[in-house]
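Student: Submitted below is the structure of interest, expressed as structure tokens.
The values are calculated or read from the model by the stated rules, or taken from the named source; none is laboratory data. These numbers come from a predicted model, not from an experiment. Here the Cβ positions follow ideal geometry from the backbone for every residue, glycine too, while neighbour counts run over all protein chains shown. To get the accessible areas, we keep the full protein, side chains included, count just its heavy atoms, and leave off ligands, DNA and RNA. Shrake-Rupley method; radii C 1.70, N 1.55, O 1.52, S 1.80 Å.
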Amino acid sequence: MPIATASYVFPFAAASDKTPGDLDTLGGKGLSLARMATAGLPVPPGFTVATSAYRKFVAGKDLQQAVLEHARPQVVGQTASFKTASERLQALFAGTAPSEELANEIGAAYAALGRGEPVAVRSSANAEDLPDLSFAGQHDTYLNVRGVEAVIKAVCNCWASLWTERAIGYRHENGIDHQAVAMAVVVQRMVASEVSGVLFTANPTTGDRTEIVVNASFGLGEAIVGGEVTPDTFIVDKDALTTKETAVGTKELTVVYADGQGTRSRESSPEERQQLSLDAPALKELARLATKVEQHFDGVPQDIEWAVSGGELSLLQSRPMTNLPPVPLKDVRWELTEPGSRLERDQVVEFMPGPLSPLFQDLYLPALDVAYYLMRVTQGGNEAGGATYRQLAKVLGGQHAGQSVVNGYAYRHFPAPGNPFVLRPQGRHRRRSRFNVRTVSHGYHETPRRWRHEELPKYLKTVELWRQLDPAAAEDERLMAGIRTLSWADAHYWRFVDEVLAFPRRADEALQQFLGEHVPGANLTSGMLLDGSGSPTMQAPIDLWHIAQRIRSTPALQGLVVTTPAHRLLSALDAFAEGQAVVREIADYLAKYGHQIYSLDYAEPTPSQDPTQVLSLLKCLVLDDDYDPAAQQAETQATRRRALRDASRHFRGRLWWRFRWRLFWAQHYYPNRDESQFYLGAAWPVLQRLALELGRRLVAVGTLTQPDDVYYLNASELDRAIEVRCDELPLSDLKHLAMERRELREARKRLSPPPAIPQREPSSVPTEDAQNIITGVPVSPGKVTAEVSVILSLADFDQMRPRSILVCPLTTPAWTQLFPHAVGLVTDVGGITAHGSIVAREYGIPAVLGLGDITKRLSSGQAITLDGDAGTVTIEGGRTVPPMSTARRRTGRSAPAVADNTRFIGLATPLPFEHSARERLLGLLLRPFKAAFYQALLFVYFKLTGPSGGPAAPAAGRRQARNRPQAPRP
Ligand SMILES: Nc1ncnc2c1ncn2[C@@H]1O[C@H](COP(=O)(O)OP(=O)(O)OP(=O)(O)O)[C@@H](O)[C@H]1O
Ligand SMILES: [Mg+2]
């Protein structure tokens, strides 16, 4: 009986091929089934009860108002809860029935499928299948429903499932308007599935589009999609349709029809568990069908539910895969850009953890080169001779770089011996600079002074000048000039940071080495003894804590903050009268700290541009009752005093003096470290404003697709685009270029760049007995066994679990906020001088760095033993490599966590990092006396101990210096 004219009910195959319906009418599932059915794909017959039926039902019963009133979060414990809201709404829905008209329509459509036939009644919400949100398993489905009354009841239950606790929570978390959602319901003839499952037409773990990953199990598919069984997993080559990998799952349960209505699950028999649920021909057939479905959906990788009955394949659902990783790159090689040279990922490159964006690479790296060469001109010009200027010209022409880029990743470039573009210090400067009288006195007086009183103010002034420019009113060329100038200013500033950092680094190494030599078993680290005179990076969370305190003092505000997801918090606060003062305080905080970088590459948003991470942290602080910075400061200081007493007990006589000598210098230089690095990227919030404004203009004219595409063009391409834009013309080739480069950069983010090229000995040499022991560079002593938190970037910061071992690619100052939560540190890249090494020792936690690809080998929650003395990581309980990709795709059916429950467990010692005016004046007056005094002291010291008595660079450092080609650095 044709029923296509019904107003609420749409059979799958009734619509014409071109217009199967729309998302708002049929919901995601109903639409995809209709599209597949009209394309002639094997979809069991059925119909969709449109969203208009739901809307009419809700309007008729005056439910909409009740729905909106109730769908508000309550603060229960310390999270947002929708339990009460959901219970009230479920009760409202339960007490009502659909209109007779609708019941008749459903009855007629159901009769058309075959009277009394078992059907599946499945929710199909209109918000489903958004590009980033699958809504997988959010709403209810009823299988094996028989009889018209039962079908109508199940339809009502599907409507009500829009208002379960988990569904409301999911929408709340993802910012989906409750008012806009409506539910369609699919009613479909049951497939008495012998085997069923899910498949992906691309590998969801690796992003490989040439593979199909199939999960299969016996019986109905409810248990697989609900994640209740471990299914069989097959990886099939999409072109050849051959099976590449097979893994037998344990298939604990089998879901079958219950007597009468519904389903039940039974334990699978031992034979079923061992037997593969699909044979080769069936798998091939399924893969072939899957490729057809993908083609039908314009080649977009699909997440498909399927079932087999009596040897017949049926398609039950298809939706685009969400959050699919980019296409993996094949045949990636890490080769030298210049034969005989050497590349290393350290120093400035530690601040460039990911693949570089084209604009940053184009502007920043040459600026760094120029900054270093200028330094040679000004400081070592007499030695370099007239050649310097010629070489500078070469540099500007791009012929030589102090940094090289391999597969998008920056490396420090140590040129081959004999490279004509390298300046080689001569005479007495040939020797590596030692920690001797000359360096110390230069370092003591000149470098920090010049950095603090000349270079830093100069840099900040440039930033300030450009901050005052109104991007909207500026010409394109002016915006471009700003981008260039600020790139240069930061690169120039870095080179002073580099110089300033050398002193704390050397002094710290010297102290650490001394402790290692003389009290090896005492578990003493230099960091324990360094009385941090505070740093801005450590002050930042304390300032945030003050904002949290303000929020905590107003219960309504506290409730709002606890129940609102971080990414919507600012707008929620702004819409709330008492919240506006907090918004202003957050703005002040961001003005002070919003430039803190995770990466120097300005294509990565700074907290100023995207404050979500700051707001997550703020939420944690609002939730944390125990954290008290003052008490913690006192405790940390007491710990330091104790450590100093303990350490002092080990030394007598001359040894004591030598210890105090090293400690003195380490403490003296210590504050420069964080403070100088803190201002790196200070220009980026301003630069990003200019770049995005330019991007918006180029989008308007059609040259780019989205404003941040600007970072994917180089400067000369942007110049060209600006020139053409004057005539309101696009440069369409740039659009594709930017898109391709963006995709390439995304794919490169999944590579693991080796710490050095040519690569050193692999960090892990698995032996028969020690498969799970990986060796790296020991940088901070101690031993700990704990779970790991694998944090790959800023976006994962809220995944850091308290008292876990932090596992990350490398660390920069922005990572310091995670250290208070960590009981150990493990990184892919880095050595004794890395930022992470210094901070780990300061916190007194064991650390092993430079483990190659440890972030890929471990996953969060896994336990490891970290030995900071031996430099080893032992993976507890077996494997180092994650198991073969299984198509597990959902986190179960529990309600999503609405508020972040991570407890903020404390911060480093807060100490003032700026000297008062009085202190500065005193310092100024005393400077000549201090200089003379230290010169005299140094003179006496070296007379007494001889040059070898002074703190020297660590042995390893010196060895490397001999073996390696010379760096283009002083
Ligand atoms: N007509 C049907 N015949 C046999 N099994 C079915 C049928 N419809 C659904 N199923 C089984 O029930 C499972 C779940 O159904 P459904 O797709 O409606 O809900 P879900 O996958 O849990 O949630 P959603 O698809 O909304 O994310 C399907 O994967 C399939 O195995
Ligand atoms: Mg489904």
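Student: Can you name the number of the only condition in (1) outside the structural domain of His70 (by TED's automatic domain parsing); (2) farther than 28 Å from Leu278 by Cβ that Ala160 fails?
Tutor: If we test Ala160 against (1) outside the structural domain of His70 (by TED's automatic domain parsing); (2) farther than 28 Å from Leu278 by Cβ, just (1) comes out false.
Student: Based on this model, can you work out whether Thr322 counts as at pLDDT below 90, under 29 Å from the mean Cα position of the chain (by Cα) and β-branched (Val, Ile, Thr)?
Tutor: yes
Student: Moving on to the next point. Can you find a residue that is buried (at least 24 other Cβ atoms within 10 Å of the Cβ) and over 30 Å from Gln513 (Cα atoms) anywhere in the range 662-681?
Tutor: yes
Student: Being over 30 Å from Glu743 (Cα atoms) and part of a loop (DSSP other than H, G, I, E, B) narrows it down to one of Val191, Val256, so name that one.
Tutor: So the residue among Val191, Val256 that is over 30 Å from Glu743 (Cα atoms) and part of a loop (DSSP other than H, G, I, E, B) is Val191.
Student: Determine which member of the set Val327, Val370 is more than 16 Å from ligand 2 (Cβ to nearest atom), farther than 30 Å from Thr827 by Cβ and modelled with pLDDT under 95.
Tutor: Testing whether each residue is more than 16 Å from ligand 2 (Cβ to nearest atom), farther than 30 Å from Thr827 by Cβ and modelled with pLDDT under 95 leaves just Val370.
Student: Can you pull out the residues in the range 88-128 that are among the hydrophobic types (A, V, I, L, M, F, W, C), more than 15 Å from Trp163 (Cα to Cα), free of Cβ contacts under 8 Å to residues at least 60 places away in the same chain and not in a loop (DSSP other than H, G, I, E, B)?
Tutor: Ala103
Student: Please work out if Gln302 is of a type in the set (S, T, N, Q), within 14 Å of ligand 1 (Cβ to nearest atom) and not assigned by TED's automatic domain parsing to the domain that holds Thr141.
Tutor: yes
Student: For residues that are basic (Lys, Arg) and within 23 Å of Gly28 (Cα to Cα), scanning just the range 164-221, find the one that is nearest to ligand 1 (Cβ to nearest atom).
Tutor: Within the range 164-221, the match that is nearest to ligand 1 (Cβ to nearest atom) is Arg189.
Student: Within the range 165-188, can you find the residues that are within 16 Å of ligand 2 (Cβ to nearest atom) and modelled with pLDDT of 85 or more?
Tutor: The answer is Ala167, Met183, Ala184, Val185, Val186, Val187, Gln188.
Student: Pick from the range 199-232 the residues that are away from ligand 2 (no atom under 16 Å from the Cβ) and open to solvent by 10 Å² or more (accessible area, probe 1.4 Å): which of them is farthest from Thr291 (Cα to Cα)?
Tutor: Filtering first and then ranking leaves Thr230.
Student: When the residues of the range 600-626 are narrowed to those that are open to solvent by 20 Å² or more (accessible area, probe 1.4 Å) and among the hydroxyl-bearing types (Ser, Thr, Tyr), which ends up nearest to Val562 (Cα to Cα)?
Tutor: Only one residue fits best here, namely Thr612.
Student: Follow-up. Could you please find all residues in the range 143-157 being within 43 Å of the chain's Cα centre (by Cα) and more than 9 Å from ligand 1 (Cβ to nearest atom)?
Tutor: Ala154, Val155, Cys156, Asn157
Student: Can you spot a residue in the range 138-147 that is surrounded by 15 or more Cβ atoms within 10 Å (Cβ to Cβ), more than 16 Å from ligand 2 (Cβ to nearest atom), part of a loop (DSSP other than H, G, I, E, B) and at positive phi?
Tutor: yes
Residue by residue, here is whether (1) open to solvent by less than 70 Å² (accessible area, probe 1.4 Å); (2) closer than 30 Å to Leu663 by Cα holds:
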residue	(1), (2)
Gln468	no, no
Ile483	yes, no
Tyr493	yes, yes
Phe496	yes, yes
Pro504	yes, yes
Ala510	yes, yes
Gln513	yes, yes
Glu517	no, yes
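Conditions (1) crowded, with 21+ Cβ neighbours inside 10 Å; (2) closer than 29 Å to Ala502 by Cα; (3) in contact (Cβ under 8 Å) with a residue 24 or more places away in the chain, marked per residue:
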residue: Leu313; (1), (2), (3): no, no, yes
residue: Arg319; (1), (2), (3): no, no, yes
residue: Thr322; (1), (2), (3): no, no, yes
residue: Lys330; (1), (2), (3): no, no, no
residue: Leu336; (1), (2), (3): no, yes, yes
residue: Arg345; (1), (2), (3): yes, yes, yes
residue: Phe351; (1), (2), (3): yes, yes, yes
residue: Gln361; (1), (2), (3): no, yes, yes
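Student: Are any residues in the range 148-175 more than 20 Å from Glu100 (Cβ to Cβ) and open to solvent by 30 Å² or more (accessible area, probe 1.4 Å), and if so, which ones?
Tutor: Glu165, Arg166, Tyr170, Glu173, Asn174, Gly175
Student: Answer yes or no: is there a residue in the range 76-87 that is surrounded by fewer than 19 Cβ atoms within 10 Å (Cβ to Cβ) and assigned to a loop (DSSP other than H, G, I, E, B).
Tutor: Yes; the residues of the range 76-87 include at least one that is surrounded by fewer than 19 Cβ atoms within 10 Å (Cβ to Cβ) and assigned to a loop (DSSP other than H, G, I, E, B).
Student: Does Ile854 count as over 20 Å from Thr525 (Cα atoms), surrounded by 23 or more Cβ atoms within 10 Å (Cβ to Cβ) and touching a residue at least 24 places away in the same chain (Cβ under 8 Å)?
Tutor: yes
Student: So, one more: Does at least one position in the range 55-63 carry a residue that is assigned to a helix (DSSP H, G or I), open to solvent by less than 10 Å² (accessible area, probe 1.4 Å) and of a type in the set (Gly, Ala, Ser)?
Tutor: no
Student: Anything in the range 777-787 that is in contact with a Lys or Arg (Cβ under 9 Å, 6 or more places away or on another chain) and not hydroxyl-bearing (Ser, Thr, Tyr)? List them, or say none. It would help to see each step written out before you state the result.
Tutor: Narrowing the range 777-787 to residues in contact with a Lys or Arg (Cβ under 9 Å, 6 or more places away or on another chain): 779-781, 786-787.
Across the range 777-787, the qualifying residues are Val779, Pro781, Ala786, Glu787.
Student: Sticking with this structure for a sec: Check the range 552-564 and report whether any residue there is free of Cβ contacts under 8 Å to residues at least 24 places away in the same chain, under 25 Å from Leu590 (Cβ atoms) and assigned to a helix (DSSP H, G or I).
Tutor: Looking for residues that are free of Cβ contacts under 8 Å to residues at least 24 places away in the same chain, under 25 Å from Leu590 (Cβ atoms) and assigned to a helix (DSSP H, G or I), one finds at least one in the range 552-564, hence yes.
Student: For the list (1) out of contact with any Cys (no Cβ under 7 Å at 6 or more places or on another chain); (2) within 25 Å of Phe135 (Cα to Cα); (3) crowded, with 18+ Cβ neighbours inside 10 Å, I need the number of the one condition that Val236 fails.
Tutor: All conditions are met except number (2).
Student: Does Arg333 fit the bill of being modelled with pLDDT of 95 or more and away from ligand 1 (no atom under 15 Å from the Cβ)?
Tutor: no
Student: For Pro425, which of the numbered conditions (1) over 37 Å from the mean Cα position of the chain (by Cα); (2) modelled with pLDDT of 50 or more fails to hold?
Tutor: It fails just one condition, (2).
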